[in-house]
Protein chains: 2
Amino acid sequence: MHQFQYLFEPRSIAVVGVSDDMARPGSQAVRALLANGYGGRIFPVNPKYQGFEGLRCYASIADIEEAIDLVVIGVPAAGVLPVLEACAQKKVGYAVILSGGFRESGPEGIERERRMLEIARAANIRLLGPNCLGLVNVHSNVYAGFGSITREPKLAQGSVSLVTQSGGFGYSIALACAEAGIGFRHVVATGNESDIDTVQLIDALLQDPGTQCIVAYIEGTSDGRALLQVGRRALAAGKPLLLWKGGVTEQGARAAESHTASMTGRYDFYRALFKQAGIVEIQELHEAVDYLLAFSAGKYPLGNGVAVMGVSGGSAIVFADAGERSGLALCELTPATQEALAQVVPHIGAIHNPIDLTAGYFSRSNQEKLERAVRATLADPNAHSVCINLATTGQAGSLAAAEVLSRIARDTQKPLVVFSSAPVSQIADALRVFGEARVPVLRSPSRAARALAALLAYRQARERLARHDETSMQAPAAAAGLRPGTSLSETESKALLASIGIPVTRDVIVKGPGEIALSSMKAPVVVKVVSADIPHKTEAGGVRLGIATHEALELAIVQVLDNARTYAPQARIDGVLVSEMVRGGFELIAGMVNDDVFGPVVMVGAGGIHAEILKDTACRLAPFDEITAREMLDELHCRPILDGARGSAPLDVAAIAKALAALSRFAWAHRAQLQEVDVNPLFALPDGIVAADALVVTRKPTQA
Amino acid sequence: MHQFQYLFEPRSIAVVGVSDDMARPGSQAVRALLANGYGGRIFPVNPKYQGFEGLRCYASIADIEEAIDLVVIGVPAAGVLPVLEACAQKKVGYAVILSGGFRESGPEGIERERRMLEIARAANIRLLGPNCLGLVNVHSNVYAGFGSITREPKLAQGSVSLVTQSGGFGYSIALACAEAGIGFRHVVATGNESDIDTVQLIDALLQDPGTQCIVAYIEGTSDGRALLQVGRRALAAGKPLLLWKGGVTEQGARAAESHTASMTGRYDFYRALFKQAGIVEIQELHEAVDYLLAFSAGKYPLGNGVAVMGVSGGSAIVFADAGERSGLALCELTPATQEALAQVVPHIGAIHNPIDLTAGYFSRSNQEKLERAVRATLADPNAHSVCINLATTGQAGSLAAAEVLSRIARDTQKPLVVFSSAPVSQIADALRVFGEARVPVLRSPSRAARALAALLAYRQARERLARHDETSMQAPAAAAGLRPGTSLSETESKALLASIGIPVTRDVIVKGPGEIALSSMKAPVVVKVVSADIPHKTEAGGVRLGIATHEALELAIVQVLDNARTYAPQARIDGVLVSEMVRGGFELIAGMVNDDVFGPVVMVGAGGIHAEILKDTACRLAPFDEITAREMLDELHCRPILDGARGSAPLDVAAIAKALAALSRFAWAHRAQLQEVDVNPLFALPDGIVAADALVVTRKPTQA
């Protein structure tokens, strides 16, 4: 590891704020370093003590003669800044500030945090915290923290690293994993993230050869793009990144804001980002456990076909339920597979999928049969993964199965998972054998199904990444007329869309009545006032629909101009837009918002009543390609309509996808100028699409 | 317990099919009876043995001189019927048939199961199984089964009873609960349910004073109404019924069918039933654990307001997220509460909800402060329940908290739950104290939130039950003209609806052109051919919409008659229906289907494209009242439209609810005659509703 090397692997640690009161964070850190056998130098600091726990205790950082890689600060908030100044003098590289009383605690704390950062930046000290639980390097016995991370049980060594904004809750993830026998490399709690943040730590851990998998808990990030990039780097490196996002509901976001002043950000944007970066979202402690176990095997299904076998019909049914909900399909087995199974499965069992091996099948005397059954199933081209339900099978049967399955696992690249609900203490030997062979043992059939689904989604994300090529995502042309901080008129907005290849309705702009014959267009038409100063035209009485006669057209032109002038006397009015009305097809909405955290995000959704009431939308961070655009469309509940539900003609999905991808490239290329694009409605037709209205808003000068 | 008394509490047990092969189910049963100290007489049966495990072994049932309450049959399928005949001779009351090889294994097995039941019925023997794991009475050490239920770990005594169709999977529920310290009373695996079924067993367990809570796993039932009734009896008795329904997806149902030939039934009907009976649905093993812990306290929140306090901000945020998703709201705390909290919460903490006690707060020295903080919070009228996040708090802190909270729990009727992620072995003392005070300790904040939500839903279900009064649900009048096995014409169908108080569009039937002046109705009108023999009128060209002139009306009448005669020359045509078209409002669909398993079920949904594509529907088993009908409407995604979304007028929700309740009473009263009712569209208007089309189908004579 290069970045943060001496944060993670300090050769010496000073701990400021030790005392005989074991409730003091500093005391806990020093005792943990000693108890766990940290190999570097430890310098306790407290002017009132000569010694601490058998070590010489220093009056101050300045008194320490040797070089210090890392200073752990556990004094009350008011005392932190002087210590940090001493660190600056001493040219310390890293400080972990455990103390609370900063940004999270009101105006005084905000000012304190600002000054803290000032000192650190000036002296080139990198900070973890403040208001954090600290960090642990399990392999090197670095315990630069306090509280639960310094207490029993000691985490086993392993290849999982944990980064968490919340110490108390985040360490719950480590404890749940530890209980399931998962070992750790680094555990880092980031607290207020004044300086070093979760994204930077994940990036550093990607460079750590000892870290194979990363779990993170975050409440928010101020730079969604950095998270997207680090997620993609993790995906490219083949190191799965599991992430629990807290504050995903309105209520959760409020709680986060009140607690740590975290900006939680829009959850739909996070979810889009997770998909685009192959980040595995977790929302329960056991999901972290299950997915880490599953990923540890490093095997990924090539498709969603799964074969289930075992001694419990109920377990297979529960697996099938959860499988369907997470996109797995119990596959048809080939006649050859069924024939092979018939040789080794009792006749009162079942050789179709789910395969019923019958009660008591897992036993030493059946090992050869089991091996033939599992190998035959794994050889089936339709089975991309296999789940074996041991269910409540006891000690002897589980061990017999474990011996067979661990042998088979070494010969296959298809994921093989096991469901067992037997008490861990009863099947310890079997669990050991399974663990050595990296065969994940899940605690319910539904959890087994979801673990396999996570593996499948991860492989699909890697394929998406391989396809992702930002150089091919350049916008076709520079956009003219993007005046900062204004709304473009409908005409200008539609011209912009047309310039990037999105068809728009045929329009004519007139200054007043008498300029246009209705016969020159395809009736009915729509009449709308054109003014960049009137973004909400309907409110202003500036719109008339369904005009079918020339007389009605002339009248409508006069009316909308009158209405607009009455509504906004100061508005500059460029004329009246006469547009053909689109008939048939299905009304979509599309758009882009340039979010402060995530940058340009493109969305598409069902239009009209669906948009506002049913909120049937999908989004992705720009830029993206047409395949991704199709995946967005696949997420919509109204998707069947696009395929021609109710006997109507299928609509042009390819054209929609092309438009979304174009919009995303355009939004990305002009992200410095663009604030928002609304295409509403965007009509999906059997042959093509057409935007019937559009609004482009540019960024204010301060935003740009 | 009265029903099945000597099944659950046999004074003597004969076990047929013992041998030195411990894989034999009978051998496992006898050994488990002996090992666990069953107090009654045990009679092993096998003609080849003189003795078995120190007991006298009998050649046959007939050789046993004493009375036998229960016979456990573990011989291969082919040998079961002779044993059962011997039981009949011996006047045995109950038999548990462990053996497989019956209905689930093909034609021969189906015939065997039929004969088995014949023998049992003739001799008045009640059967459990076949193809089942048997039963355990934990308190009396009855082990009338084999496999995992006879193995270690022995279940602790408690007040939970488990009934499961699937032995292997169902016993996983018991194991998961046992691991969390939950004790059991009866465990019964029902297998094929040839005779005794899950519903009957639940009913019997409701009469068992030792059973306080029932957990069940079912794949299907042939009598949904019996399940509804037993669910309501459980609710009335205050014994929570937790139910895992397997085979809820298409794939899961297929797996169930292939495995046990179970009829899984429509999941949406099951879900409606669960709501109507207050059955607590579970879909994960840990949900059984969490809800049983929560229910064991017997305290229920009076509302959805919840206060959260603890040492981990992240935990509070995760709780808030899960709470919002399950209907809990972090409540505002009154100024008085906040003032009381300010006295005992450190100033860098937070006295609003979520309450931040700050790191390290849970300690012996803080016990008095904690007690004041929790009591103040519980006293807040907005807080209907309280969650305390210990998170990773260790041994000493957890015990200090447990002592305080267990004292407080005894003085409050508000639910108090705790989240702890500390390893169980680390906080064993605290868990014991919590357990004695029935303070549930949940393993994640989200699980704590969902457990509280389950308690709230249960209390709401009890209120619904108290309201439920079937005598007030009589249909207003007998329905004439329900000819068996036919479709009623639109006119007849609408007349039926009108007779139960559902408004229908104004219609006139004519025989041909020249009979009606358009001026007598409110244009536009719709013209439809009237024929009970043509249910799909649109296909037949029998419908014309939007007729605004008298000439068009005359032409349309001629055309639909011609088209219908061409489409179905044999059809009896009663004339042409001229109906006013409904304008405005929102299009719903409503209907009823008389399901083989569930009886009449009434549904309502968004109409038009929503109905077919978005499947936005809700249903309930008939009959039900208007409050229940409103709950159905509340489940619809389109619900905001009814309240007047997008600035339009609110629609008449009361009228919709009234119509649904009326339809449900009608459907229930005439369930012997009715097969299906479709009201499509049912227009919801600002003032009232109107059904614009309807189809009533009666049952075929064989169905009635």
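The values are calculated or read from the model by the stated rules, or taken from the named source; none is laboratory data. Only a predicted model underlies this, so the values are computations on that prediction, with no experimental measurement involved. Positions of Cβ are backbone-derived with ideal geometry, glycine not excepted, and every protein chain shown enters the neighbour counts.
Among the conditions (1) surrounded by 13 or more Cβ atoms within 10 Å (Cβ to Cβ); (2) modelled with pLDDT of 85 or more, the only one that residue B:570 does not satisfy is (1).
Is it fair to say residue A:278 is in contact (Cβ under 8 Å) with a residue 40 or more places away in the chain, at positive phi and either more than 14 Å from every other protein chain (Cβ to nearest Cβ) or not polar (S, T, N, Q) (or both)?
Numbers: in contact (Cβ under 8 Å) with a residue 40 or more places away in the chain: yes; at positive phi: yes; either more than 14 Å from every other protein chain (Cβ to nearest Cβ) or not polar (S, T, N, Q) (or both): yes.
Here the answer is yes, as residue A:278 does meet what is asked.
Yes/no matrix, rows are residues, columns are (1) within 18 Å of residue A:7 (Cα to Cα); (2) hydroxyl-bearing (Ser, Thr, Tyr); (3) surrounded by fewer than 13 Cβ atoms within 10 Å (Cβ to Cβ):
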{"residue": "A:88", "(1), (2), (3)": "yes, no, no"}
{"residue": "A:102", "(1), (2), (3)": "no, no, no"}
{"residue": "A:107", "(1), (2), (3)": "no, no, yes"}
{"residue": "A:110", "(1), (2), (3)": "no, no, no"}
{"residue": "A:113", "(1), (2), (3)": "no, no, no"}
{"residue": "A:120", "(1), (2), (3)": "yes, no, no"}
{"residue": "A:124", "(1), (2), (3)": "yes, no, yes"}
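Just one residue in the set B:226, B:288 is of a type in the set (Gly, Ala, Ser), within 12 Å of chain A (Cβ to nearest Cβ) and either within 30 Å of residue A:171 (Cβ to Cβ) or not in a loop (DSSP other than H, G, I, E, B) (or both); that residue is B:288.
Can you tell me which of A:214, A:202, A:173, A:218 is without any contact (Cβ under 8 Å) to a residue 60 or more places away in the chain, farther than 27 Å from residue A:113 by Cα and surrounded by 24 or more Cβ atoms within 10 Å (Cβ to Cβ)? Break it down stepwise before answering.
Working: A:202 fails: farther than 27 Å from residue A:113 by Cα; A:173 fails: without any contact (Cβ under 8 Å) to a residue 60 or more places away in the chain; A:218 fails: farther than 27 Å from residue A:113 by Cα.
Of the residues listed, the single one that is without any contact (Cβ under 8 Å) to a residue 60 or more places away in the chain, farther than 27 Å from residue A:113 by Cα and surrounded by 24 or more Cβ atoms within 10 Å (Cβ to Cβ) is A:214.
Checking B:161, B:194 one by one, the residue that is more than 14 Å from every other protein chain (Cβ to nearest Cβ), buried (at least 24 other Cβ atoms within 10 Å of the Cβ) and polar (S, T, N, Q) is B:161 and no other. When residue A:376 is tested against (1) more than 29 Å from residue B:177 (Cβ to Cβ); (2) surrounded by 24 or more Cβ atoms within 10 Å (Cβ to Cβ); (3) in contact with a Gly (Cβ under 9 Å, 6 or more places away or on another chain), exactly one condition is not met: (3). Within the stretch A:159-201, being at positive phi and small (Gly, Ala, Ser) holds for A:181, A:191.
Scanning the stretch A:310-333 for residues that are touching a strand residue (DSSP E or B) at 6+ places or on another chain (Cβ under 7 Å) and not in a loop (DSSP other than H, G, I, E, B) yields a total of 10. All conditions but one from (1) buried (at least 20 other Cβ atoms within 10 Å of the Cβ); (2) part of a helix (DSSP H, G or I); (3) at pLDDT 95 or above; (4) within 14 Å of chain A (Cβ to nearest Cβ) apply to residue B:271; the one that does not is (1).
Residue B:90 falls short on exactly one of the conditions (1) more than 14 Å from chain A (Cβ to nearest Cβ); (2) touching a residue at least 40 places away in the same chain (Cβ under 8 Å), and that condition is (2).
Only residues that are within 16 Å of residue B:241 (Cα to Cα) and of a type in the set (Phe, Trp, Tyr): list them for the stretch B:160-186, please. Result: B:184, single match. Of the strands (runs of 3 or more DSSP E) lying entirely inside the stretch A:39-149, those containing at least 2 residues that are touching an Asp or Glu at 6+ places or on another chain (Cβ under 9 Å) and under 22 Å from residue A:169 (Cβ atoms) are A:126-128.
Please go through (1) surrounded by fewer than 24 Cβ atoms within 10 Å (Cβ to Cβ); (2) touching a residue at least 40 places away in the same chain (Cβ under 8 Å); (3) within 11 Å of chain B (Cβ to nearest Cβ) for residue A:315 and return the number of the only condition it doesn't satisfy. Only one criterion is unmet by residue A:315, namely (1). Take residue A:301 and decide whether it is of a type outside the set (Asp, Glu), at pLDDT 95 or above and crowded, with 24+ Cβ neighbours inside 10 Å. Judged against the criteria, residue A:301 is not a match.
Does residue A:278 satisfy the criteria of being surrounded by fewer than 24 Cβ atoms within 10 Å (Cβ to Cβ), of a type in the set (Gly, Ala, Ser) and either in contact with a Ser or Thr (Cβ under 9 Å, 6 or more places away or on another chain) or at pLDDT below 95 (or both)?
Working: surrounded by fewer than 24 Cβ atoms within 10 Å (Cβ to Cβ): yes; of a type in the set (Gly, Ala, Ser): yes; either in contact with a Ser or Thr (Cβ under 9 Å, 6 or more places away or on another chain) or at pLDDT below 95 (or both): no.
Criteria not met by residue A:278.
Could you look through the stretch A:295-304, keep only residues that are in a loop (DSSP other than H, G, I, E, B) and under 15 Å from residue A:440 (Cβ atoms), and pick out the one that is farthest from the other protein chains (Cβ to nearest Cβ)?
Checking each candidate, the answer is A:298.
So for the stretch A:621-631 (the condition being in contact with a Leu (Cβ under 7 Å, 6 or more places away or on another chain) and either farther than 30 Å from residue A:229 by Cα or among the charged types (D, E, K, R) (or both)), does at least one residue qualify? Scanning the stretch A:621-631 turns up no residue that is in contact with a Leu (Cβ under 7 Å, 6 or more places away or on another chain) and either farther than 30 Å from residue A:229 by Cα or among the charged types (D, E, K, R) (or both). Per the listing A:601, A:696, the residue uniquely touching an Asp or Glu at 6+ places or on another chain (Cβ under 9 Å) and closer than 18 Å to residue A:276 by Cα is A:601.
Of the residues B:34, B:117, B:55, B:81, which is under 35 Å from the mean Cα position of the chain (by Cα) and more than 14 Å from chain A (Cβ to nearest Cβ)? It would help to see each step written out before you state the result.
Working: B:34 fails: under 35 Å from the mean Cα position of the chain (by Cα); B:55 fails: under 35 Å from the mean Cα position of the chain (by Cα); B:81 fails: under 35 Å from the mean Cα position of the chain (by Cα).
Within the list B:34, B:117, B:55, B:81, the selection yields B:117.
Cβ-Cβ distances below 6 Å connect the following pairs, each with a first residue in the stretch B:245-257 that is at the interface with chain A (Cβ under 7 Å from one of its Cβ atoms) and on the phi > 0 side of the Ramachandran plot, a second residue that is crowded, with 24+ Cβ neighbours inside 10 Å and at pLDDT 90 or above, and a separation of six or more residues or different chains: B:247/A:317; B:247/B:219; B:247/B:253.
The single condition among (1) under 30 Å from residue A:176 (Cβ atoms); (2) at pLDDT below 95 that residue B:419 does not meet is (2).
Listed by first and then second residue, the pairs with beta-carbon distance under 6 Å, at least 6 apart or on different chains, first residue in the stretch B:502-522 and in a helix (DSSP H, G or I), second of a type in the set (A, V, I, L, M) and surrounded by 15 or more Cβ atoms within 10 Å (Cβ to Cβ), are B:518/B:553.
Kindly provide the set of residues from the stretch B:350-377 that are within 14 Å of another protein chain (Cβ to nearest Cβ), in a helix (DSSP H, G or I) and among the charged types (D, E, K, R), ordered by number. Spell out the reasoning first.
We begin by selecting, within the stretch B:350-377, every residue within 14 Å of another protein chain (Cβ to nearest Cβ); these are B:350-366.
If we keep only those that are in a helix (DSSP H, G or I) too, we end up with B:364-366.
B:364, the sole residue that qualifies.
Can you pull out the residues in the stretch A:320-332 that are closer than 24 Å to residue A:420 by Cα and more than 8 Å from every other protein chain (Cβ to nearest Cβ)? Hits for the stretch A:320-332 are A:322, A:326, A:327, A:328, A:331.
In the stretch A:392-448, of all residues being assigned to a loop (DSSP other than H, G, I, E, B), of a type in the set (A, V, I, L, M) and crowded, with 20+ Cβ neighbours inside 10 Å, the one that is farthest from the other protein chains (Cβ to nearest Cβ) corresponds to A:439. The lone criterion from (1) among the hydroxyl-bearing types (Ser, Thr, Tyr); (2) over 29 Å from the mean Cα position of the chain (by Cα); (3) at pLDDT 95 or above left unmet by residue B:648 is number (3). Annotation note: of B:307, B:342, B:336, the sole residue that is more than 11 Å from every other protein chain (Cβ to nearest Cβ), over 26 Å from the mean Cα position of the chain (by Cα) and either assigned to a strand (DSSP E or B) or at pLDDT below 95 (or both) is B:307.
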